[in-house]
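Report on the following structure.
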Amino acid sequence: MSSSSNASSSTRGRWTDEVLEPFRAMGEPLADAVIQQVFANNEVETVNRMMRSLHSNVHLVPAELPDALEDYLNQTDDWPEWADPEKVVLGQRLFARYGMQMTLAYFTWSLPSCYGWAKAAKVLTWTGGIDKNVHRRILETAQFVLDVMAEGGLGPKGFGVRTAQKIRLLHATIRYHVGRDPKWRASEWGTPANQEDHVATLLTLALVPRVLTKLGLDFTREEEDAYFHCWRVIGHFLGIHADLLPRDLEDAEHLWEAIQQRQVRPSEDGVALNKALVEFLKSRIPGTMMDGVVVATMRELCSEAVADAVGLEKTDWTRHLMGPMRWMFSLSDEVQDQSGFAAKISASLSRKLLEGLHSSETGGGRVTFRIPQSLQDSWNLATTEEKKAG
């Protein structure tokens, strides 16, 4: 018993329950104060317009902002002193090179991992309308990732910083509403959208290179470190408490293990969320040939504990490879430069998924899921307009 306990704690580093538990009761003071003032001044519609722009990013911010919002945006867009611009650029270049596979991992590892945390999953289902809300959040998350990881996305005129600021306000709005619901049991579940849940979500994005090694990709420690540093800077923009941001990649891996041990539990909320995610992904990938690969990839990437927590059906990964293999080799274009078999399949699946997300959310001349041009170029993605022209 004690040796097992010691082995368990050794994977957690400095992240003990005593360190982490207080963060479950903590929100984010700056954004919380803004939202409280907005509601007090009856300026809710202005905030709603800003939140709706999360989808389209047609405009960085709506015109005629309330003073509290304008002050907040000006106070929270500076880089932290410890940020290393060269590492950020290297991290974004890595995303430009492997972003299709990374995007697939966001959908098949990051999101299921989030749904595996029973307490965090509860706040995601609290407002009801699981299908509609999950689909919206999936698009918002995907848009956020593309915005912050595109070349220049974290620069002064990049979409990334502004998108992070908006999501920070969105989290504060969730805390405002759910936290006032008398049925919400804060003593048991923690503050809605709390700091521990936020840093856990960040890690599902920052640790993706490590996960993709299961699909045959290979990264140097320098590349993984730069990618993590990029997300550490993003965590700063999201308002994650400085004491909770991991110092480096090793520290992040310890924190990840600690949160997994603390939070992964089976729940009806997690099962419902992941079911909606699987159906969403199937609906965005043309045809039915790739449907089985969605679940198989989740099984391949997620831990057994997460797969069980979200009720993921058991599949045999190998029996799903033959159809996609024939389909993949029928493609005329070259798929990246990976020799790994699963890596090539994942790149092909990612391409179809991204094009599906883009085209399915395009209508009336207004794009609500925007793939930055630099990434379209890097990934050789065809937009809906280009397909029609062709």
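Tabulated results
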{"quantity": "Candidates Ala206, Ala226, Ala193, Ala164, filtered to the one that is buried (at least 22 other Cβ atoms within 10 Å of the Cβ) and closer than 16 Å to Leu124 by Cβ", "calculated": "Ala193"}
{"quantity": "Residue satisfying condition, being closer than 19 Å to Phe159 by Cα and of a type outside the set (A, V, I, L, M), within set Gln92, Gln101", "calculated": "Gln92"}
{"quantity": "Scan of region 142-164 for residues that are assigned to a loop (DSSP other than H, G, I, E, B) and among the aliphatic types (A, V, I, L, M), ordered by number", "calculated": "Ala150, Leu154"}
{"quantity": "Scan of region 242-267 for residues that are of a type outside the set (Asp, Glu), surrounded by fewer than 18 Cβ atoms within 10 Å (Cβ to Cβ) and not in a helix (DSSP H, G or I), ordered by number", "calculated": "Ala242, Arg247, Arg265, Pro266"}
{"quantity": "Residue count for region 136-190, restricted to those that are farther than 19 Å from Thr76 by Cα, of a type in the set (Lys, Arg) and within 18 Å of the chain's Cα centre (by Cα)", "calculated": "2"}
{"quantity": "Residue list for region 277-290, filter: touching a Lys or Arg at 6+ places or on another chain (Cβ under 9 Å) and surrounded by 16 or more Cβ atoms within 10 Å (Cβ to Cβ)", "calculated": "Arg284, Ile285, Met290"}
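Let's see how each residue does on (1) in contact with a strand residue (DSSP E or B) (Cβ under 6 Å, 6 or more places away or on another chain); (2) buried (at least 24 other Cβ atoms within 10 Å of the Cβ); (3) modelled with pLDDT under 80:
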residue: Ala121; (1), (2), (3): no, yes, no
residue: Trp126; (1), (2), (3): no, no, no
residue: Gly129; (1), (2), (3): no, no, yes
residue: Ile138; (1), (2), (3): no, no, yes
residue: Phe144; (1), (2), (3): no, no, no
residue: Gly153; (1), (2), (3): no, yes, no
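The values are calculated or read from the model by the stated rules, or taken from the named source; none is laboratory data. Keep in mind that what you see is a predicted model, and the values were worked out from it rather than measured. Reconstructed Cβ throughout: ideal geometry from the backbone, glycine too, with neighbour counts over all protein chains shown.
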